[in-house]
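The values are calculated or read from the model by the stated rules, or taken from the named source; none is laboratory data. Quick caveat: nothing in here was measured; it's all calculated off a predicted structure. Cβ: placed from backbone, ideal geometry, glycine included. Neighbour counts: every protein chain shown. Keep in mind that these areas ignore ligands, DNA and RNA; they rest on the heavy atoms of the full protein, side chains included. Shrake-Rupley method; radii C 1.70, N 1.55, O 1.52, S 1.80 Å.
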Amino acid sequence: QVQLVESGGGLVLAGDSLRLSCAASGGTFNVYAMGWFRQGPGKERELVAAISSSGGNTYYKISVKGRFTISRDGAKNTVSLQMNSLKPEDTAVYYCAAVQRSGLWVRPNDYTYWGQGTQVTVSS
């Protein structure tokens, strides 16, 4: 059983940066593909970025490409999401997710384990 704990959310102004972190425990981290999802008020949960188990492949939602960067640290069992040039429309609860599969996965149903989420609010 894998446990995921997110941190790093907060209230920022448009144009600011935040770095979200997700600490994984209870499993062999390097066999899990990871993803960052978000869910805004009244909206469906959507993939923001994904990274393969090796870290060699990444995927980004078009609206965040060039602003967000996903990375993973196998020594620390963490996956991070660096978010730059934040916009009010990035406001959401951000969730870390994991699945024990190779490749990149984009649908919420593809993932097995979820964190509790961290709130990101971007004010204009």
Pairs returned, first residue in the range 2-13 that is at negative phi and of a type in the set (D, E, K, R), second residue that is open to solvent by 30 Å² or more (accessible area, probe 1.4 Å) and modelled with pLDDT under 95, beta-carbon separation under 6 angstrom, 6 or more apart or interchain, are none
Do we find a residue being open to solvent by 60 Å² or more (accessible area, probe 1.4 Å) and not in a strand (DSSP E or B) anywhere in the range 3-10? no
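Does Ile70 meet the test of being of a type in the set (Val, Ile, Thr), touching a Leu at 6+ places or on another chain (Cβ under 7 Å) and open to solvent by less than 60 Å² (accessible area, probe 1.4 Å)?
In short, yes.
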Open item on the list: Based on this model, can you work out whether Tyr94 counts as open to solvent by 20 Å² or more (accessible area, probe 1.4 Å), in contact with a strand residue (DSSP E or B) (Cβ under 7 Å, 6 or more places away or on another chain) and among the aromatic types (Phe, Trp, Tyr)?
Closed with: no
By residue number, the members of the range 91-113 that are within 23 Å of Thr28 (Cβ to Cβ) and assigned to a strand (DSSP E or B) are Tyr95, Cys96, Ala97, Ala98, Val99, Tyr113
Filtering the range 76-90 down to residues that are surrounded by fewer than 18 Cβ atoms within 10 Å (Cβ to Cβ) and either under 13 Å from the mean Cα position of the chain (by Cα) or part of a loop (DSSP other than H, G, I, E, B) (or both) yields Lys76, Gln82, Asn84, Ser85, Lys87
Screening Ser53, Ser102, Ser63 for residues that are surrounded by fewer than 18 Cβ atoms within 10 Å (Cβ to Cβ), at negative phi and modelled with pLDDT of 95 or more leaves only Ser63
Among the residues of the range 42-75, the number that are outside any helix (DSSP H, G or I) and either of a type in the set (Ser, Thr, Tyr) or without any contact (Cβ under 8 Å) to a residue 12 or more places away in the chain (or both) is 15
Scanning the range 27-41 for residues that are polar (S, T, N, Q) and not in a strand (DSSP E or B) gives Thr28, Asn30
